[in-house]
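See structure below.
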Amino acid sequence: MIKLTALFLVLSICAEAQTIIDKDPEIASMVKEVNPDSLKSYITTMVSFGTRSTISSVTDSKRGIGAARNWALSKFQEFAAASGGRLTCVLDTTTYQPDGQRVAGPINLGNVVATLKGTDPNDHRIFLISGHLDSRKTSIMDQTGDAPGANDDGSGSAAVLECARIMSRHTFPATIIFVTVSGEEQGLLGSAFMAKKAKAQNWDIEAVLNNDIIGSNNSSETNIINNTQVRVFSEALPIPDLDKQAKMIRALGLENDSKSRQLARYLKETGGRYVDNLDVVMIYRPDRFLRGGDHLSYQENGFTAVRITEMNENFTRQHQDVRKENGIQYGDLPEFIDFEYLRKNTALNLSTLANLAKSPGVPQSPKVLTADLTNLTNLTWSAPLEGKPKGYYVLIRETTSPVWQKKIFTSETTMTLPMSKDNYFFGVQSVSETGNESLPVIPLPGRR
Ligand SMILES: [Zn+2]
């Protein structure tokens, strides 16, 4: 039990209050290794394959998605060789049958997957980072014309490779999967293939970071230039058991506390801790209007996923054939990438993945006790299934606040707070010896 008088002083909640958590030196040093030149070299090589359309050649050694896939695999193999056998990689292929819309005949669809196995044999958690290797011309059925795809999604794929390069030289108790999928533009085919397999095989995926279009800093329509903000899209309502979930959310007022929203908040907090001059802007939507992305495949299969996308998209470049019209250069070319912005967005991914993969598992069965009418809040939980936490953070925010405002450490598995459970939202995180927090879990009402 915590002394209430002391907590009254600590808990004068102010909208701007933030608890400062020290950086984990290992993660801070990995963040410093993220290199804009390295990111540039990946994108230059991806663009050199001419097109990476999913329906382009898989046998040509120089041009098309096959050459691009083989190159991505060779990069992962290079990192694997320096990882002491802990990183393994594979080109995971399937024959996709045509759907009559975006694929004309059967195709060989392939995801390039690298797995950094966790060091704790009792920890089966997986954290996954994804980008899409495929690109497109204006016509989705064009198999041969130039489709550079430097930003969409050379940028996301480059971030995946750079995270793999740096993180594969470190150890984590949980497993990290780095994947560049194909078939995104053709209808999220590669991610659906992967997410369905993960569900069928009961993979314990706790979080998916989908990076799609993260390297350009400006919109030519509005003349806005911005390389200090990045958007994270999260869903409010998980798709499985939608009706049941919606009823619970309505009863408890948890409209913005889905696992996807918790992950978005976690990115915002971790990015703020490790990446200077970058602010995560949480967008409370699954995706932009008229658009989708690979995170949706994971969400549809019951996994927690978010989409990370630059602040201002430039539509003279996306899905546009390379051409000049009225003095305007169209097309997704590497000269429009801001590699410093891409470095920061990659560092956001890296710090989040590393903090998650070093964290203990989430606290189990967290409850807010409701047996009595009281103006105090009584919380209980039990130890995580994975790892040995140093302790726990109880998170507190006002019901109208998008971010956690207070973070209180305890080594116990209960906490009594001098504030009414009716007036705040609460969360609980496990925290490791080196200060790495699990994702928060929301205590549900319980009698004891
Ligand atoms: Zn894309």
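Report, by residue number, each residue of region 102-142 that is within 17 Å of the chain's Cα centre (by Cα), hydroxyl-bearing (Ser, Thr, Tyr) and more than 16 Å from the ligand (Cβ to nearest atom).
Of the residues in region 102-142, the ones within 17 Å of the chain's Cα centre (by Cα) are 113-116, 125-133.
With the extra rule that they be hydroxyl-bearing (Ser, Thr, Tyr), the set shrinks to 115, 130.
Passing the criteria: only Thr115.
Return the only residue of Glu340, Glu313, Glu300 being within 16 Å of the ligand (Cβ to nearest atom), open to solvent by 10 Å² or more (accessible area, probe 1.4 Å) and touching a residue at least 24 places away in the same chain (Cβ under 8 Å). It is Glu313. Selection of region 380-399 for residues being in contact with a Phe, Trp or Tyr (Cβ under 8 Å, 6 or more places away or on another chain) and over 17 Å from Thr414 (Cα atoms) yields Arg397, Glu398, Thr399.
What do you reckon, is Arg307 within 30 Å of Gln143 (Cβ to Cβ) and open to solvent by 20 Å² or more (accessible area, probe 1.4 Å)? So Arg307 fails the test.
Of all residues in region 102-117, which are touching a residue at least 24 places away in the same chain (Cβ under 8 Å), assigned to a loop (DSSP other than H, G, I, E, B) and open to solvent by less than 30 Å² (accessible area, probe 1.4 Å)? Full working, then the answer.
Start the filter on region 102-117 by keeping residues that are touching a residue at least 24 places away in the same chain (Cβ under 8 Å), which leaves 102-104, 107-117.
If we keep only those that are assigned to a loop (DSSP other than H, G, I, E, B) as well, we get 102-104, 117.
Val103 - this is the single residue of region 102-117 that is touching a residue at least 24 places away in the same chain (Cβ under 8 Å), assigned to a loop (DSSP other than H, G, I, E, B) and open to solvent by less than 30 Å² (accessible area, probe 1.4 Å).
Considering only region 143-165, state which residues are in a loop (DSSP other than H, G, I, E, B), within 16 Å of the ligand (Cβ to nearest atom) and not aliphatic (A, V, I, L, M). Once the filter is applied, which keeps residues that are in a loop (DSSP other than H, G, I, E, B), within 16 Å of the ligand (Cβ to nearest atom) and not aliphatic (A, V, I, L, M), region 143-165 yields Pro148, Gly149, Asn151, Asp152, Asp153. In region 130-152, the residues that are touching a residue at least 24 places away in the same chain (Cβ under 8 Å) and open to solvent by 40 Å² or more (accessible area, probe 1.4 Å) reach residues that are basic (Lys, Arg) and within 11 Å of the ligand (Cβ to nearest atom) with C-beta atoms within less than 8 angstrom, at least six apart or across chains, in these pairs: Asp142/Arg136. Looking at this structure, is Lys268 in contact (Cβ under 8 Å) with a residue 24 or more places away in the chain, part of a helix (DSSP H, G or I) and either of a type in the set (A, V, I, L, M, F, W, C) or more than 30 Å from Trp71 (Cα to Cα) (or both)? Yes, satisfied.
Across region 316-337, which residue is farthest from Gly131 (Cα to Cα) among those that are of a type in the set (Asp, Glu) and open to solvent by 20 Å² or more (accessible area, probe 1.4 Å)? Show your work before the answer.
The first filter runs over region 316-337 and keeps only residues of a type in the set (Asp, Glu), leaving 321, 325, 332, 335.
Adding the requirement that they be open to solvent by 20 Å² or more (accessible area, probe 1.4 Å) leaves 321, 325, 335.
Details: Asp321: 21, Glu325: 30, Glu335: 20 Å.
My answer is Glu325.
Considered as a group, the residues in region 316-337 that are touching a Gly at 6+ places or on another chain (Cβ under 8 Å) and of a type outside the set (Lys, Arg) include one that is nearest to the ligand (Cβ to nearest atom), and that residue is Asp332. Residues that are modelled with pLDDT of 95 or more and part of a loop (DSSP other than H, G, I, E, B) were ranked within region 218-229; the one that is farthest from Asp332 (Cα to Cα) is Thr228. Can you pull out every residue in region 359-392 that is closer than 11 Å to Lys421 by Cβ, part of a loop (DSSP other than H, G, I, E, B) and hydroxyl-bearing (Ser, Thr, Tyr)? Answer for region 359-392, where residues must be closer than 11 Å to Lys421 by Cβ, part of a loop (DSSP other than H, G, I, E, B) and hydroxyl-bearing (Ser, Thr, Tyr): Thr370, Thr374.
Within region 9-24, can one find any residue that is in a loop (DSSP other than H, G, I, E, B), at pLDDT 95 or above and polar (S, T, N, Q)? Let's see the steps before the verdict.
From region 9-24, those in a loop (DSSP other than H, G, I, E, B) are 11-24; that's our starting set.
Adding the requirement that they be at pLDDT 95 or above leaves 23-24.
If we keep only those that are polar (S, T, N, Q) as well, we get none.
Checked against the condition, which is being in a loop (DSSP other than H, G, I, E, B), at pLDDT 95 or above and polar (S, T, N, Q), region 9-24 yields no hits at all.
Name the single residue that is nearest to Phe339 (Cα to Cα) among those in region 205-253 being open to solvent by 10 Å² or more (accessible area, probe 1.4 Å), in contact with a Lys or Arg (Cβ under 9 Å, 6 or more places away or on another chain) and more than 16 Å from the ligand (Cβ to nearest atom). The qualifying residue nearest to Phe339 (Cα to Cα) is Asn227. Residues in region 178-204 that are at positive phi and within 16 Å of the ligand (Cβ to nearest atom) were compared, and the one that is surrounded by the most Cβ atoms within 10 Å (Cβ to Cβ) is Gly183.
The values are calculated or read from the model by the stated rules, or taken from the named source; none is laboratory data. Predicted model, so just to flag it, every value in this text is computed and none were measured. Cβ atoms come from the backbone with ideal geometry, glycine included; neighbour counts cover every protein chain shown. Heads up: the accessible areas ignore ligands, DNA and RNA and are worked out on the full protein's heavy atoms, side chains in. Shrake-Rupley method; radii C 1.70, N 1.55, O 1.52, S 1.80 Å.
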